[in-house]
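The values are calculated or read from the model by the stated rules, or taken from the named source; none is laboratory data. Note that the structure is predicted; figures quoted are calculated from it, not measured. Here the Cβ positions follow ideal geometry from the backbone for every residue, glycine too, while neighbour counts run over all protein chains shown.
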Amino acid sequence: MFDPLAVRAQFPAVQNGSHDDECTVYLDSAATTHKPQIVIDAITHYYSQQNANVHRGSHRLTAKATEQFEQARDTVATFIGATSSKEIVWTRGATEAINLVAQSYARTMLTEGDEIVIGEMEHHANIVPWQIVAEQTGATIVKVPMHPDCTMKVEDYQSAFNANTKIVAIGHVSNVTGTHQPIEQVIALAHDIGAVVLVDGAQAVAHENVDVTALDADFYVFSGHKMFAPTGIGVLYGKQSLLDSMPVWHGGGKMVTKVSFDKTTFNDLPGKFEAGTPNTAGAIALATAIEWLNNLDRAASEAHIKRLQNRAYTKLSTVDDISIIGYQADASVLTFVVDGVHHQDVATLLDQQGIALRAGHHCAHPMMDALGVKGTVRASFAIYNTVEEVDAFVSAVIKALDIL
Ligand code: PLP
């Protein structure tokens, strides 16, 4: 059984989430989620009781830390349906994971005339690394247009594909509207023409079961902090055959087997991509977050989130001067603009009423340009939010409109 209040009680920042005694309604979980006590405890426990460097040293503390660090990798592999833990590379987050693929896989494989296909609604993290590598290699970026209802269509990806298409970079779920992209079909079509697909799962993993093997994704990336784990830890999943074929990226300790001034040799997967001391506590805490999520009735918790989003939509969509942008019934976010009012002014008035949400371009300039807006206001709902918070949010919006 999913009990929203019992789950909420596990999040200290939601309980105490006040500054200067003002109660804050946190509707910015798509930016980063709060952390349940069990995850905070995992970090505290690691630093207060263990704390050793991994994969080096010869004492018991380092052996224990290494064991937990590698167990965390196994937990991630199982969580996303990878066939081997070797396919899980720790990164600082989704952004770093995409940069790793761009600079290791793409930089060595792309040549002039090759094409990288990217949708118009992608987050900057899934655009800019590809622009950098396109510049370095002479490859070309091909944009797939977004439809006015903020959806992406398989046919448009299909029309963008040709014999030169080598990489397709696609988001699983949009951070602006919560749009699900047709990744299954796009992956299948890309494979038909021999292209590889990187899926940006930053906004998906907290909300749905992901099976990278069933999806047949070549690369899948996400960040821990958007799924109840700390900042500074993230994951690159890659098919083992691809990761094996890729050159090393960052150089340093741990990614080598032997260093000499004549010839340096590199570690096997996944160590070859993990130079230097990793975020051990972060990895362990991410595994804790995953185990915590796995113990929830995820279908029920998602239904709760969708109910909250739907309630906000139903109430706000009838308010004059509010235009909901690209509403998606199955999303955990709601994005809107107030006609004639700057999004930041709306957010400031909401903040003054204790409502924390995101206003701006959401790191999606091309999407904003396609929509013809400079920015929007986005409320994002999570497992710990309540119906009362949605109502407080809606009342605060209406009050803000009165002031504006
Ligand atoms: N992709 C999407 C869809 C996102 O929403 C974000 C963050 O907002 C990112 C990528 C980048 O994530 P991070 O900043 O954790 O690397």
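Observations, loosely collected:
- So Ile187, is it within 16 Å of the ligand (Cβ to nearest atom), touching a helix residue (DSSP H, G or I) at 6+ places or on another chain (Cβ under 8 Å) and of a type outside the set (Phe, Trp, Tyr): no
- Condition check for Thr111: β-branched (Val, Ile, Thr), touching a Gly at 6+ places or on another chain (Cβ under 8 Å) and surrounded by fewer than 20 Cβ atoms within 10 Å (Cβ to Cβ): yes
- Those helices (runs of 4 or more DSSP H) of the range 71-183 in which 1 or more residues are of a type in the set (Asp, Glu) and under 16 Å from the mean Cα position of the chain (by Cα) occupy 94-100.
- Checking Glu122 against (1) touching a helix residue (DSSP H, G or I) at 6+ places or on another chain (Cβ under 7 Å); (2) within 16 Å of the ligand (Cβ to nearest atom), the condition it does not meet: (1)
- Within the option set Asp244, Asp297, Asp262, being under 26 Å from Ala106 (Cβ atoms) and of a type outside the set (Gly, Ala, Ser) holds for one residue only, Asp244.
- Failed condition for Glu208, given (1) within 8 Å of the ligand (Cβ to nearest atom); (2) surrounded by fewer than 24 Cβ atoms within 10 Å (Cβ to Cβ): (1)
- Among the residues making up the range 211-234, those that are more than 10 Å from the ligand (Cβ to nearest atom), of a type in the set (Phe, Trp, Tyr) and within 23 Å of Pro129 (Cα to Cα) are Phe219, Tyr220.
- For the range 190-206, the set of residues classified as within 16 Å of Val235 (Cβ to Cβ) and either of a type outside the set (Asp, Glu) or without any contact (Cβ under 8 Å) to a residue 40 or more places away in the chain (or both) consists of Leu198, Val199, Gly201, Ala202, Gln203, Ala204, Val205, Ala206, listed by residue number.
- Elements of type helices (runs of 4 or more DSSP H) contained in the range 252-360, each with 1 or more residues being without any contact (Cβ under 8 Å) to a residue 24 or more places away in the chain and not assigned by TED's automatic domain parsing to the domain that holds Asn209: 298-316, 343-352
- Qualifying residue in the range 384-393 (condition: more than 14 Å from Tyr26 (Cα to Cα) and of a type outside the set (A, V, I, L, M)): no
- None of Val14, Val117, Val25 is of a type in the set (A, V, I, L, M, F, W, C) and either under 30 Å from Ala370 (Cα atoms) or within 16 Å of the ligand (Cβ to nearest atom) (or both) except Val117.
- Matching residues in the range 264-279 - criterion: being at negative phi and of a type in the set (Gly, Ala, Ser): Gly271, Ala275
- Residue match in the range 41-60 (condition: among the basic types (Lys, Arg) and surrounded by 22 or more Cβ atoms within 10 Å (Cβ to Cβ)): no
- For the range 182-205, the tally of residues that are under 16 Å from Met146 (Cα atoms) and buried (at least 24 other Cβ atoms within 10 Å of the Cβ) stands at 2.
- Annotation: Ile98 fulfils all but one of (1) more than 9 Å from the ligand (Cβ to nearest atom); (2) hydrophobic (A, V, I, L, M, F, W, C); (3) in contact with a helix residue (DSSP H, G or I) (Cβ under 8 Å, 6 or more places away or on another chain); the unmet one is (1).
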